[in-house]
1. Once a ≥ b ≥ c are taken as the square roots of the eigenvalues of the Cα gyration tensor of the range D:289-339, is the result rounded (a/c under 1.5), prolate (a/b larger than b/c) or oblate (a/b not larger than b/c)?
2. Hey, can you grab everything whose amide H is under 5 Å from the amide H of D:Ile292? Only 5+ residues off in sequence or another chain; H modelled, so Pro and N-termini drop out.
3. Amide H to amide H under 5 Å from A:Ala22: which residues, 5+ apart in sequence or cross-chain, H placed 1.01 Å off N in plane?
4. Return one number: the angle in degrees, 0 to 90 and rounded to the nearest 10, between the long axis of the Cα atoms of helix C:213-222 and the longest principal axis of the Cα atoms of chain C.
5. Report, to the nearest 10°, how far helix C:38-48 tilts away from the longest principal axis of the Cα atoms in chain C, using its own Cα long axis and a range of 0 to 90°.
6. So, counting K/R as plus one and D/E as minus one, what does the shell of residues with Cβ under 9 Å around D:Gln44 add up to?
7. Tabulate in residue order the Karplus-calculated ³J(HN,Hα) for the range D:249-262, using 6.51 cos²θ - 1.76 cosθ + 1.60 with θ = phi - 60°, rounded to whole Hz; enter x for Gly and Pro.
8. May I ask for the angle, rounded to the nearest 10°, between helix B:170-185 and the longest principal axis of chain B, with both axes built from Cα atoms and the value confined to 0 to 90°?
Protein chains: 4
Amino acid sequence: MAGSNFGHLFRISTFGESHGGAVGVVIDGVTPGLEITEEEIQVQLDRRKPGQSSVTTPRQEPDTVHLLSGVFEGKATGVPILAILYNKDAQSSAYDDIKDKFRPGHADFTYIAKYGLRDYRGSGRASGRETAGRVAAGAIARKLLLGRGVKVTAYTWRAAGIQCDRACDLKAAALMVPIIEQLAVDGDSVGGIVECRITGLEAGLGEPVFDKLEADLAKAMMSLGAVKGFEIGSGFQCADMKGSEHNDPMDKNGFVSNHAGGIIGGISTGEEIVFRIAVKPTSSISKEQRTINIQGQETPIQTIGRHDPCICPRIVPVVEAMACLVLEDHYKRQIALKA
Amino acid sequence: MAGSNFGHLFRISTFGESHGGAVGVVIDGVTPGLEITEEEIQVQLDRRKPGQSSVTTPRQEPDTVHLLSGVFEGKATGVPILAILYNKDAQSSAYDDIKDKFRPGHADFTYIAKYGLRDYRGSGRASGRETAGRVAAGAIARKLLLGRGVKVTAYTWRAAGIQCDRACDLKAAALMVPIIEQLAVDGDSVGGIVECRITGLEAGLGEPVFDKLEADLAKAMMSLGAVKGFEIGSGFQCADMKGSEHNDPMDKNGFVSNHAGGIIGGISTGEEIVFRIAVKPTSSISKEQRTINIQGQETPIQTIGRHDPCICPRIVPVVEAMACLVLEDHYKRQIALKA
Amino acid sequence: MAGSNFGHLFRISTFGESHGGAVGVVIDGVTPGLEITEEEIQVQLDRRKPGQSSVTTPRQEPDTVHLLSGVFEGKATGVPILAILYNKDAQSSAYDDIKDKFRPGHADFTYIAKYGLRDYRGSGRASGRETAGRVAAGAIARKLLLGRGVKVTAYTWRAAGIQCDRACDLKAAALMVPIIEQLAVDGDSVGGIVECRITGLEAGLGEPVFDKLEADLAKAMMSLGAVKGFEIGSGFQCADMKGSEHNDPMDKNGFVSNHAGGIIGGISTGEEIVFRIAVKPTSSISKEQRTINIQGQETPIQTIGRHDPCICPRIVPVVEAMACLVLEDHYKRQIALKA
Amino acid sequence: MAGSNFGHLFRISTFGESHGGAVGVVIDGVTPGLEITEEEIQVQLDRRKPGQSSVTTPRQEPDTVHLLSGVFEGKATGVPILAILYNKDAQSSAYDDIKDKFRPGHADFTYIAKYGLRDYRGSGRASGRETAGRVAAGAIARKLLLGRGVKVTAYTWRAAGIQCDRACDLKAAALMVPIIEQLAVDGDSVGGIVECRITGLEAGLGEPVFDKLEADLAKAMMSLGAVKGFEIGSGFQCADMKGSEHNDPMDKNGFVSNHAGGIIGGISTGEEIVFRIAVKPTSSISKEQRTINIQGQETPIQTIGRHDPCICPRIVPVVEAMACLVLEDHYKRQIALKA
C-alpha cells in the first residue's frame, strides 16, 4: 500500500533514489508481441536528461536504460519488464554539509517526519531522477497509444511571466530565455505552467465515479514533485462563467466548443483533451536561505551545485509520460469492461 | 477495475443512480468499536440535501440513511457497513422528453459512448445524488479524524465574480446571493471556487511517489462532477513566483510561511492544508440550448425543473467528505508502514 | 484492505451479517447490455437456501433478492449492481444463552480476538448466510460465462465415508442419506468432499506468477467457511507419482491425460478443469461440548436449533458461484492483457 | 492487473526469466529503520540454490543478491527495495532443440496459448528461478516476523512414498534418499508433500470474508509451480470426521485440540498453524516422452541436463518465504484495521 505503484492494467512500480545503486521501473501488463527497443525508450529519457538547454542544469546523469526482463528477441513477452538506469557512485561525504539541514522547498523535513530517517544524498527518493522510471514506462505506453491513433504533446505554456500564444510559440520562448538565464545568475529560480494536449482519443474512456479520466490525470500530474495545480478545459476560468456560456453545445458535426477540455462526466468525449499544470519555482537555489537542522537549531543554508532555474522544460516529457500511462491503462480498462 | 471504489485501508464502494432503487455505499475498514449512529451521518447528509438555501434547488429528496450492516449495538464491528438511502419511485415516462437527447454539459453523450446504453432518468449514475454515499462514508471518516484532532472545513470562496476575504465572509456572501438569484430567474447558472482548510493534521502523512497526499486529494476532488481544477497552497500563483519567494523558510518555531499549502514532497508538513477547486456553472439551465439526439439529429433542448443556479454550497459538504476519506485512509497507511 | 472485496475486473464487495438488516453484494464490472433479471439470480440463491433436502437444515430464510442499482429496463448499465436480501427481524435476547460463550468450531473466539467485539446473533459476519451475496454475483458471472461457452458444475463427491464413482452417482447418494440422517438424530454432523468440473474454458486464462488460475481458485474456495483443503487434478495423489506417470503427454489431438487438472504453469490448458475441496463437519451440533466463555471460565455448550448435518449439498452452489467469479474475472484480464 | 504483484501492505513485484538479464523483486512497505544486509538475504537464497544435496540438481546458478535501492547505511528507508540477481549469459542457440516443442508437464504450451510467444530459453518466466525474488523478499518479512515472535518452518514430510513421523525425521529421510537417487539414475522423478508449521503467531490475524488467513496462504502456496494441493489442520481427513470429533473444545488453558490448524473463520487462533502442500514430480526428466511441436506435429522429447529428481527440498525455503510474506502483510493489515 506504500505508494510506488501506478495504474491497474498497465501498471508500473518504480524504485530508486538519486544516489543509490539504480533507478527504474517494473512494468506489468504490456501487450505481448509489442516490439520494444532500448533505443526508443532512450529517446524519451534523453528529453528529460539535464543539460538539454541553457535554462536547465548542465549536470550530467548516466541515463542509459537497460531492459533486463520481459523483452525477448525484440518483443514484449507479456511478463514484467524491468527497465533500469544505474547511478554513478556517490560519496556520502559529499553531502556532509547538508545531511542534517532541511532545505527549504525540499522534502527533507517531511521524509524525516514520515520515515524517521532519510537517504540524504541529493534528494533521495524525492529526487526528480525518480521520474526516469516513469518516462521509461511512458515510452512503452506511448508506443501502444500511437498504435491506437493517440498523440500526447506537452509544452511550457508560461514561464517567468511570459505566456505563449500557441503550442509552440518561439517568440514567447525567446522572451523567456534571457529572464530565466538572469535568474540563474542571481542564484534564483522561477515557476511556470505546462500545458498538455491529447488528440486522437476515442470517446468512452474513463471509469466513473472515482476513476474518472480527469481524476486520474490530476492524480498523475499532482504526483510530480513540483506541481501545485491542475486544471482541465476552462479550468479556474469556469468560476466566473455562466452555464449558458460554459456548456458545450452539439450540432451534427459534434461539439461546437470544448470548455470541457475533452472530458465530461469523467469520460472522454472524443474532442481534444487539454489540461494545464502549475509548476513551482525550483526549490534548489544558491541564494542563502533560512532553515533549521535536524536538532531544531536555526541555520542558514545554500544549495550549491548546478540546478534548473526553471523546471518546466524538463517536466514536459514527464507530463507526457504520465498522461500516456493513464490513457493506456484506461484503454485496457474500457476494453475489459466491454468484454 | 470499474471505478466505484475509493481508498485502500478505509475503503468505500458506492452504488446507485438518481432514480433507481437506492443510492449508498459499502464502507470497509472502519475501526471496530467506533460508536456510530444514523443520526450523526444524517447531519452531514442534510448539509448536502437540496433546499438548504435560496441559491440551491428547492427540490426534495428522501435523504434518510439506513445502516443495514456492520454496526451492532451502536458500534462498528469492523466488518463492512452498508449505508443506504432509498430513492422515491420515478416514472420512466416523465423523462420521455429528454431520454434521447444529449443535454449540454451533462454526461449523456459520454455514457452512451462508454456503455452503449444509459439510465436516462435524471442523470442516472452521473447524478450528484451519487455523492450521498460519499458523504455518508465521509461522516464516519470525519468522526475518526476528530478523534485524531483533525478538522476539515470547506466553504464557497468565490462565486458569481465575488471573492471572499476570509473563510466565512458574510459580506461577500451577501453580495453573491442576489446575483445568483437573478441568474436563476434568467434560467442560467454560474460557477465558483470552493476552498478547503485542514487543521490538526500531523506531519508525515502521504505515500510517495504516486500516492502523495496532494495527488490523492486532487483525485478525490476531480472525481466530483462539476470540478474543473485543483490547486494547493500557492497553486497557479506559483507560476510567476521566484524560488526565493516561494520556498517556505523554517525557524525554531517551524515553517515561517505556507506556500506549500501544508504538503511538501507528497507528505504533510504539520501546517494547515489549504486547497481550492474550480466549480463549473451548473449544466442544467432552463434557457434553450442547441444539441443533438441519439440519432445525431440537431434539436433544441430545455432542462425543465428546479436546479441549483450555483452548485458551490451543495458541493461544500462533499468536498469535506472526500477530504476526510483521503485523510483517514492515509492515517491508516502511515500507521501500517511504521508497524 | 479489509477483506470483503474479491476480483479485479469483475469485482464484488459483500456486506451483511446473518441477523443484521440485510446481506448482499455490490458487483462492479458487469458487461453493459447484459440482460439480467431478479428471477435468474433467485434460481441460484434457491439452490443454497436451507430446507432443500433431508440432509440440510429445514430452517427458513427470507432469501429474496432485490436489484436496487445498475440494472435498467432489464439490462446491466455497466455501473455497480446492488443485490440485496433483507434479513428477518431477530431479537437479540434470543441469543442471551450463547452470547458470551465460544462455540467450538465457530469463529466466536477469533472474531473477539480480532475485532474486540462481535455481533453474537447467529454467527454474524461469519455466517454461511454471507455467501448469498457471492451466489447472487456468481449468477451474473455464470451467465457471462455461458455466453463464452463455459459450464461450471460441482457436486458432493464424498460424504459420510461414501464416495461417488462419477459426477452424479445416485447409488452413492442413496447410501449417504440414511447415514447423515442418523447423525442428525444423534445431534452430530459429518464432513465430505465436493468436486467441481469446468468445461468449455479456452486455453490461456490465468496470470502468472501470483494470480495463477489454480491459485485464485484455491483462494476462492479456501475463503469458504468450512473448507480445509483444496486440490486440483492429481492433487495429493501426485506426491507418490513419478514424473513419467504424472506428466501429461500430447499428441496431435491434444493432451493424452489430464493429471494437471486443466491448468499448467497457472494457465488453463483448454482441458477440463477438475478440483476438489475438503469440507469439515458442520460445527453446530446439538451434542454437549466443552468450551469457555468470554471471561475464560469453563462451561458446557449445546447449539440448539436446526442445523445442516452435512454442509456439502449447500456449499455446492457457492463453490460454483466462486468458480464463476474467478473465471469471469480472468477472462476479462486475459482480454485486457492482449488489448 | 497482470499477476506479478503479491501482498498489500507488505507488497512485492517480481520480475525476470531464467535466462534473461536478471531476476528479482521490488519490495514496498518495509518498516523504515529495519536493519537489512545482503548477507542475511543471501542465507535464505542459498537454501533455495541448486546443488545443496544429492537429491537436487548440481547445476550452478549465480544467486548473488544485490540491494540497489531502499536501503541506506544498512537500514530500510521505507521506500521500495530493489533486490536483483543477475543471470549468466545464455546462448539462445543452446535451446534450438526444444524451442518449438512443448515439454510435458511444463508451461510451454500454455504460455504460447496465453501470450502468443515465449522466451524459450529454459522455462522463461515459468522457471523456478523466478522464486529467488520471492525468497529475497521473504527474508525481509521473516526478519520482521522474528521481531514479532513468529517462527516459520517447513520440511519435506513425505517423498518417494516414505512419510516422516515428525518434523525432522532423519530415519525417514535416510530411506527417501536412495530411492530418489535411483529415480535420478533412471531419468525419472518423484513428488512429495511439504509441511509448514508456524509458531508464535498472535490470535486475530486474517481478513474475512475473502482474505481469510488460510485463503491467502492457499493462494501463496498454489502460486508455486509444482503445487497441486493445499490443506490446513485436519485437511482432507476432515471429510470422514464427525463434528463432535473435529470441533476443537476449549478449556481454561485454551484450545484442547487443533484440528483447525491454527485458523478458525479465517482468523488465527493463536495456536500453531499447520498446513501441507502436495508437490508434483519434477516435470523435467531425461526419459523420452511424447509431445507435439508448435506446428502441432507429434515428436518425441528428452529434457537433457541436470534436474532435481525431487523438488521438495528446494521448495521448502520458498514455502517459508511465501508464508512469511502472507503473515507480515496480515500483521500490518490487522494493525491498520485497529488504528
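Any read-out appearing in this document is the output of simple, stated calculations on the displayed coordinates, not a laboratory observation. Everything quoted here is computed from the prediction, not taken from an experiment. Note: ideal-geometry Cβ built from the backbone for every residue, glycine included; neighbour counts use all protein chains shown.
1. Note, shape of the range D:289-339 comes out oblate.
2. Those lying under 5 Å, H to H, from D:Ile292 are C:Met250, D:Phe102, D:Thr299.
3. A:Glu17, A:Asn87
4. Result, in degrees: 10.
5. Approximately 70 degrees, to the nearest ten.
6. Local charge sum for D:Gln44: 0.
7. Along the range D:249-262, the couplings run x, 10, 10, 5, 8, x, 6, 7, 9, 9, 5, 5, x, x Hz.
8. Long axis of B:170-185 versus the principal axis of chain B: about 20 degrees.
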